[in-house]
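In what follows, a structure is listed as structure tokens, so that the remarks can point back to it.
The values are calculated or read from the model by the stated rules, or taken from the named source; none is laboratory data. Just so it is clear, the model here is predicted, and its values are computed rather than measured. Every residue, glycine as well, gets a Cβ built from its backbone with ideal geometry; the counts of neighbours run over all protein chains shown.
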Amino acid sequence: MPRKLEGQVAVVTGAGRGLGRAYALALSAEGASVVVNDRDDEPAASVVKEIASGGGTAVVCGEAVGSRPAAARVVRAAVDAFGRLDVMITNAGADRRGSVLDLSDEDWEVTLRTHLFGSIYCSVEAARVMREQGQGGAIINITSDAFHMGVGTLAPYCTSKGGIYGLMRVLAVELGPLGISVNAIAPPSTRTEPMLAFADSLAAMGLPDEQVAAFKATIQEPEDVAPLAVFLASAEGRKLSGAVLSLTHEEFMVLDPPNYSAPVRQDHGPWTVDEVIAAVRQRG
């Protein structure tokens, strides 16, 4: 079967590990050339090697994306390496946690600058290139359902993710006439370094051991979420704009707009991209 992203060029920020790595590998497997961005060159280079070993094409871009000049350099890396840019996934994050009464100015600054301002600058810089190309594109912002649930000790993270949701909704309205779709992924609790550290902190927050164990049992693998990135980058996914989607090993969910919806279930997991497409059509 033809690959869904053949000839496309994608940037994934924060792609050296965890979810970003999974997104980059999944996009490459479907034919995209990928700019693997991470503030640390070593893990990014490792992902590029993984992509190359699978027959794909990728380059490293070592930038911390929390400033406009850095975001512009990330976008320029795609154009310089591959001649264009079709897909931007704003995944980079840097979390500080603690009681909201004890967080320092730096804790807020680091988290907001990487998550929120990184998403703002990378989305805008990517959209400018896509507008110049005149062929549309896809922007995928990584948010979280934590922003409306409220999670203790994660105030900067929740605030950032709420801002990313608002950013996505506005970009979807403004960029739609240019043929640029803008959607968000709200990953479930996923096996990443920050999530595992948070899970380990629950006992210190006073949760009984059985509740901590129950929470850890819900943690998904990054690869369980990655099909959503491929779907939203694909021609079929670009028919959506302004939506927040989530995917676990067993459930696909439309989280917005405007309310949570009943999930589409399947029992064999993990999902394929074609199954995600069928679930989206079923949800209407």
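Go through Ala81, Ala52 for me and flag whichever is under 20 Å from Ala126 (Cα atoms) and more than 16 Å from the chain's Cα centre (by Cα). After ruling out the rest, the residue left standing is Ala81. If the condition is being touching an Asp or Glu at 6+ places or on another chain (Cβ under 7 Å) and more than 19 Å from Ile89 (Cα to Cα), then region 127-157 contributes only Pro156.
Of Ser46, Ser53, Ser119, all but one fail to be free of Cβ contacts under 8 Å to residues at least 24 places away in the same chain and small (Gly, Ala, Ser); the exception is Ser53. The residue pairs whose first member lies in region 232-243 and is under 13 Å from Leu175 (Cα atoms), whose second member is at pLDDT below 95 and of a type outside the set (A, V, I, L, M), and whose beta carbons are closer than 9 Å, counting only pairs six or more residues apart or on different chains, are Gly242/Asp256; Gly242/Pro257. Criterion first (part of a helix (DSSP H, G or I) and charged (D, E, K, R)) does Glu63 satisfy it? Taking the combined requirement at face value, the residue does not satisfy it. Within region 74-110, restricting attention to residues that are β-branched (Val, Ile, Thr) and surrounded by fewer than 24 Cβ atoms within 10 Å (Cβ to Cβ), the residue that is nearest to Ser33 (Cα to Cα) is Val79. The condition of being of a type in the set (A, V, I, L, M, F, W, C), in a helix (DSSP H, G or I) and under 24 Å from Phe231 (Cα atoms) does not hold for Ala72. Within region 224-249, the set of residues being β-branched (Val, Ile, Thr) and in a strand (DSSP E or B) comprises just one member, Val244. Selection of region 56-69 for residues being under 14 Å from Val12 (Cα atoms), more than 18 Å from the chain's Cα centre (by Cα) and either touching a residue at least 40 places away in the same chain (Cβ under 8 Å) or surrounded by fewer than 17 Cβ atoms within 10 Å (Cβ to Cβ) (or both) yields only Thr57. The helices (runs of 4 or more DSSP H) found entirely in region 76-168 that carry 2 or more residues being at pLDDT below 95 are 146-149. Selection of first residues in region 156-183 that are on the phi < 0 side of the Ramachandran plot and of second residues that are charged (D, E, K, R) and not in a helix (DSSP H, G or I), restricted to Cβ pairs under 7 Å at least 6 apart or on distinct chains, gives the following pairs, ordered by first then second residue: Pro156/Arg96; Tyr157/Asp95.
Inspection of region 201-212 finds no residue satisfying the criterion of being at pLDDT 90 or above and outside any helix (DSSP H, G or I).
Within region 178-188, not a single residue is over 20 Å from the mean Cα position of the chain (by Cα), at pLDDT below 95 and part of a helix (DSSP H, G or I). Any residue at all in region 31-43 that is of a type in the set (Val, Ile, Thr) and over 19 Å from Gln135 (Cα atoms)? Checked region 31-43: at least one residue is of a type in the set (Val, Ile, Thr) and over 19 Å from Gln135 (Cα atoms).
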